[in-house]
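Read through the structure below, which is laid out as structure tokens, and then see the notes.
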Amino acid sequence: MLQAIFQYEFLQNAFLTGILIGIIAPMLGAFIVVRRLSLIADALSHVTLSGIAASLYFSKTVPSLQGLNPLYFGMLFSVTGSLFIERLRTLYKHYQELAIPIILSGGIGIGVIFISLADGFTTDLFSYLFGSVSAVSRSDLYLITGISIVVILVIFLLYKELFLLSFDEDHAKASGIPAKAIHFIFMVMVALVIAASMRIVGILLVSSLMTLPVAASIRIARGFKQTIGFSVLFGEISVVVGLISAFYLDLAPGGTIVVTAILILLITIAVKKIISSRHSEKAEV
């Protein structure tokens with residue numbers, strides 16, 4: 001397989017993109033899980049689907065838009081959806097969780113309309129739904145590299161603010177942290193990462209890469225920084241093993257990546273139980 005990677009550009013694009021996504025998706029996912037907003041990735045992924053479907057439709061009907069990368073439409077819709085979620089959360093202060101199903105439903109509805117207008121599912125749309133190794137172009141790699149650099153820099157520079165807002169928002173606001181601005185930046189980052197990840201993982205499975213590695217790391221980590229570290233490690237293992245499996249088994253990479261992440265989660269749960277049982281036995285002795 002190493003020979004094939006050096007030989008074919010699309011495999012290079014897929015693996016480099018996968019490695020980058022394996023870093024930024026679980027890294028942001030750690031903050032999402034702590035904020036108890038795990039379903040936000042699902043909502044924004046469905047909004048991204050609407051953007052992809054709209055792009056495929058307009059590329060057929062508007063000559064000037066032919067050849068436009070659907071990733072740009074997906075990002076536009078995803079960022080817009082994230083801003084709507086933040087707006088709805090301020091409107092429904094006592095029922096903030098309502099914002100997620102509202103946007104998710106809207107994303108599905110708009111997506112179905114554009115899919116119908118585009119005469120149903122196409123091969124391109126299936127590759128976005130479940131991921132595709134061959135679909136990642138060099139321009140996609142450059143775009144995702146740029147997004148990855150921005151996300152890592154923002155998390156590094158605003159780590160303290162994001163940490164405080166995630167664990168104690170009231171204390172963070174009292175400390176003078178500009179909560180609205182930080183929330184805005186965070187939501188835009190989540191939207192961009194979801195839109196960028198769909199090439200490899202697929203729109204319907206991208207939320208799994210943001211939550212499953214975090215769920216596994218929580219079982220064994222002893223602090224938040226360690227949780228982020230283990231999340232990135234498990235995310236990278238899931239992506240690399242998933243891509244290799246997809247290559248040899250001729251499967252959609254999204255499915256193999258998610259199944260690998262689930263296996264890692266099950267292993268960490270089992271390891272935690274074994275360690276806990278040993279500690280209890282020692283305590284009894």
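Just a few scattered comments:
- Between Y159 and Y248, the simple spin-label model (points 7 angstrom out along Cα→Cβ) gives 3.6 nm.
- Along each principal axis, Cα extent of segment 1-140, largest first, Å: 56, 38, 21
- The ellipsoid that matches the Cα gyration tensor of the chain has semi-axes, each √(5λ) in whole angstrom, of 31, 26, 17, with the longest given first.
- What the Cα convex hull of segment 74-176 gives, in volume per residue, is 145 Å³.
- Residues considered: L83, L263, L141. Largest GNM mean-square fluctuation over the chain, using C-alpha springs under 10 Å, is found at L263.
- Helical content alone sets the calculated 222 nm signal of the chain at -27000 deg cm²/dmol, taking -39,500 (n - 2.57) per DSSP H segment of four or more residues and averaging over every residue.
- Taking 0.36 nm per residue of separation and subtracting the Cα-Cα distance, full extension of the segment from V112 to K173 would add 17.9 nm.
- Result for the chain in a Gaussian network model with C-alpha springs under 10 Å: among V150, V206, V190, the largest mean-square fluctuation is at V150.
- Segment L16-S276, length gained on full extension (0.36 nm per residue, minus Cα span): 89.8 nm
- Residue with peak Gaussian network fluctuation, the chain [Cα springs, cutoff 10 Å], from S166, S231, S217: S166
Any read-out appearing in this document is the output of simple, stated calculations on the displayed coordinates, not a laboratory observation. Nothing here was measured: the structure is a model prediction, and the numbers come from that model. Don't worry about glycine lacking a Cβ; one is built from the backbone with ideal geometry, like all the others, and counts go over all protein chains shown.
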